[in-house]
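Have a look at the structure below before the remarks.
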Amino acid sequence: MWGLKPDRVVIYDDKRWDLLASLRKKAVEIMECLARAGQPSLLYGSVARGDVGAGSDIDVVVLRPRLPPSALEMILRERFGDPLAREIAQATPSSAVKAYIHLEKGVTVSFPLVHLGEREEEFYKFGGCLDLRTLLEEKRVPGVNKELMLILPREWGHEEVSVRGREEVVAKLLGISLGTVLERVRVLTERRVRGKTGLYVHYRLDVSENIEEALVRLAHAKKGLRNKLRGMF
């Protein structure tokens, strides 16, 4: 189908198919909740690709928020109750700053608090992502996992192909720039060698804190964050 010789073939058993269906059911609940408020969202990562395991998370992202952060949070609170945790994070001073709402363990909705660049949007395609319509159609998409293996969905499971040495082919298949693929390969390779490094901003909000107000306070202490927010508030 994709003309790539697999390094590994994985055939799913009933337990794995049932896990995938369960995780996707929860993702549909979240995305339908957002859609009713006029806010499109994407499911990304292993649940979109299908290669789920016992530790797989449900990750939903609102790429282009149409509502203020607190309004998005309120929509989720009204349907799912108080979140387990809320965070504001920025990987580096030049990265986009994002909000993360952890509805429960392993279930997260995130959204950028600034406009995303092209490569930052392509990050989600790199890992594989689905909108609500294609999720309801029970489709699965190719994408790259944290071990830099390209996951190619099949009706019986998936095939895995190493990204290294095939970066250009992977970029074309996923419909993203070669630069994005090379950047992700570099970042994930460094992470495997050196472990996770600290984020430039990683702030956990208190129960009573407002996302917008917390963001403005953080910007006073972090120049890189302040520069990203210039003109936003």
Name, by its number, the condition in (1) of a type in the set (D, E, K, R); (2) under 30 Å from Ala221 (Cβ atoms); (3) modelled with pLDDT of 95 or more that does not hold for Arg119.
(3)
Do we find a residue being in contact with a strand residue (DSSP E or B) (Cβ under 6 Å, 6 or more places away or on another chain), within 25 Å of Gly117 (Cα to Cα) and without any contact (Cβ under 8 Å) to a residue 24 or more places away in the chain anywhere in the stretch 158-173?
yes
Say we look at the stretch 52-81 and pick out the residues that are farther than 20 Å from Glu32 by Cβ and more than 15 Å from the chain's Cα centre (by Cα); which of these is surrounded by the most Cβ atoms within 10 Å (Cβ to Cβ)?
Pro69
Would you mention how many residues in the stretch 28-45 are in contact (Cβ under 8 Å) with a residue 60 or more places away in the chain, assigned to a helix (DSSP H, G or I) and open to solvent by 20 Å² or more (accessible area, probe 1.4 Å)?
3
For the stretch 135-143, state whether one or more residues are more than 21 Å from Leu43 (Cβ to Cβ) and surrounded by fewer than 17 Cβ atoms within 10 Å (Cβ to Cβ).
no
If we only count helices (runs of 4 or more DSSP H) wholly inside the stretch 174-233, which ones have 3 or more residues that are within 17 Å of Asn145 (Cα to Cα)?
178-194
Return the residues of the stretch 82-96 that are of a type in the set (A, V, I, L, M) and either within 13 Å of His202 (Cα to Cα) or open to solvent by less than 40 Å² (accessible area, probe 1.4 Å) (or both); say none if nothing qualifies.
Ala85, Ile88, Ala89, Ala91, Ala96
Just the residues that are in contact with an Asp or Glu (Cβ under 7 Å, 6 or more places away or on another chain) and among the small types (Gly, Ala, Ser), please, taken from the stretch 81-97.
Ala96
Hey, any hits in the stretch 8-27 for a residue that's within 23 Å of Arg154 (Cβ to Cβ), among the aromatic types (Phe, Trp, Tyr) and surrounded by 20 or more Cβ atoms within 10 Å (Cβ to Cβ)?
no
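Which one of these is more than 19 Å from the chain's Cα centre (by Cα), charged (D, E, K, R) and surrounded by fewer than 18 Cβ atoms within 10 Å (Cβ to Cβ): Glu167, Glu183, Glu159? Give the derivation first.
On the way: Glu183 fails: more than 19 Å from the chain's Cα centre (by Cα); Glu159 fails: surrounded by fewer than 18 Cβ atoms within 10 Å (Cβ to Cβ).
Sole residue among the options that is more than 19 Å from the chain's Cα centre (by Cα), charged (D, E, K, R) and surrounded by fewer than 18 Cβ atoms within 10 Å (Cβ to Cβ): Glu167.
The values are calculated or read from the model by the stated rules, or taken from the named source; none is laboratory data. Every value quoted in this text rests on a predicted model; they were computed, and no experiment measured them. Every residue, glycine as well, gets a Cβ built from its backbone with ideal geometry; the counts of neighbours run over all protein chains shown. With ligands, DNA and RNA removed, areas are computed over all heavy atoms of the protein, side chains included. Shrake-Rupley method; radii C 1.70, N 1.55, O 1.52, S 1.80 Å.
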